[in-house]
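Here the structure is laid out as structure tokens; the discussion comes afterwards.
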């Protein structure tokens, strides 16, 4: 591989031809290398990447992985994935050849990662460790599926960490009414929490709502987008899943409340966010209301659990609840099984009847 010295500034550069993915010949020029060896190494990696040669460095393959995967993901999903790759994976594997990384290497990496702590000094949770390992495994799986790698060393090494069941907290209707009474003098937060509790929508769905999403004649609320704050900018994306695109029937009192709220908003446009709040502001509002009302502290997302709990207690089926909150019915059954208290008793009673017939 040829490298050339720039006589003007003493640095090195490479200039060469290669065949692109269309089968067309292209010329590449790259300047600014301190040594001839660095210039030649860069050219070698570039050509292996273009040829999808699995002997390329892990770092070069990650660049390919990003090019292939990033366009298919929501920005917030990619940013979470990219942060783990950049901080927990690349520092260990970037200079290694993709094809030469073994299960033993992955186990050594796992042992190192387990020793890491957060800035607070706390150890990483089993959930987080499992997620970190999953990101590494996804990279190798991509190499197997599209680039001819023969084995996934991360899968062979086995996972680290484990998925921990998250505690599901929720308020009873009585607790919620105590909480919302304490929010009466904070109108924007009051109406935001009313929608969260009585409609069971997600936090991002709430913060993306515009006047055009409400049909007060039909008393419906349309959910077709979600709000994120990413890299210092407000970003509106599609909802979390396809099932999340839905139309929710609102109770009469909530329709009346939101119409009153709209009257308080000066210069409201059809596509304006009706709750120009941050997720942090909602969290602080929740903390204030809990303290003022004396009810137990729960997360914003637990208002969604509270809505589902209310509907279960009212006797609605998993299918009906799933359609309202944007979940598959099987997921409602699985996640909220413990809130269907009479099901097991009813089964036993019917089995008794069957036995006696």
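For this structure, a couple of remarks:
- Only one of the numbered conditions (1) over 18 Å from residue 325 (Cβ atoms); (2) at pLDDT 95 or above is violated by residue 277, and that is (2).
- Residue list for the range 143-183, filter: surrounded by 16 or more Cβ atoms within 10 Å (Cβ to Cβ) and not in a loop (DSSP other than H, G, I, E, B): 143, 147, 153, 154, 155, 157, 175, 176, 178, 179, 180
- Complete set of residues in the range 10-34 that are at pLDDT 85 or above and out of contact with any strand residue (DSSP E or B) (no Cβ under 9 Å at 6 or more places or on another chain): 10
- Flag for residue 140 being in a helix (DSSP H, G or I), touching a helix residue (DSSP H, G or I) at 6+ places or on another chain (Cβ under 7 Å) and crowded, with 18+ Cβ neighbours inside 10 Å: yes
- Top-ranked residue of the range 184-210 - restricted to ones that are touching a helix residue (DSSP H, G or I) at 6+ places or on another chain (Cβ under 9 Å) and surrounded by fewer than 16 Cβ atoms within 10 Å (Cβ to Cβ), ranked as farthest from residue 266 (Cα to Cα): 184
- Residue within the range 35-56 that is more than 23 Å from residue 138 (Cβ to Cβ), surrounded by fewer than 14 Cβ atoms within 10 Å (Cβ to Cβ), touching a strand residue (DSSP E or B) at 6+ places or on another chain (Cβ under 8 Å) and at pLDDT 90 or above present: yes
- Residue 60 in contact with a helix residue (DSSP H, G or I) (Cβ under 6 Å, 6 or more places away or on another chain) and either in contact (Cβ under 8 Å) with a residue 12 or more places away in the chain or within 30 Å of residue 235 (Cα to Cα) (or both): yes
The values are calculated or read from the model by the stated rules, or taken from the named source; none is laboratory data. None of these values were measured; they are calculated from a predicted model. Every residue, glycine as well, gets a Cβ built from its backbone with ideal geometry; the counts of neighbours run over all protein chains shown.
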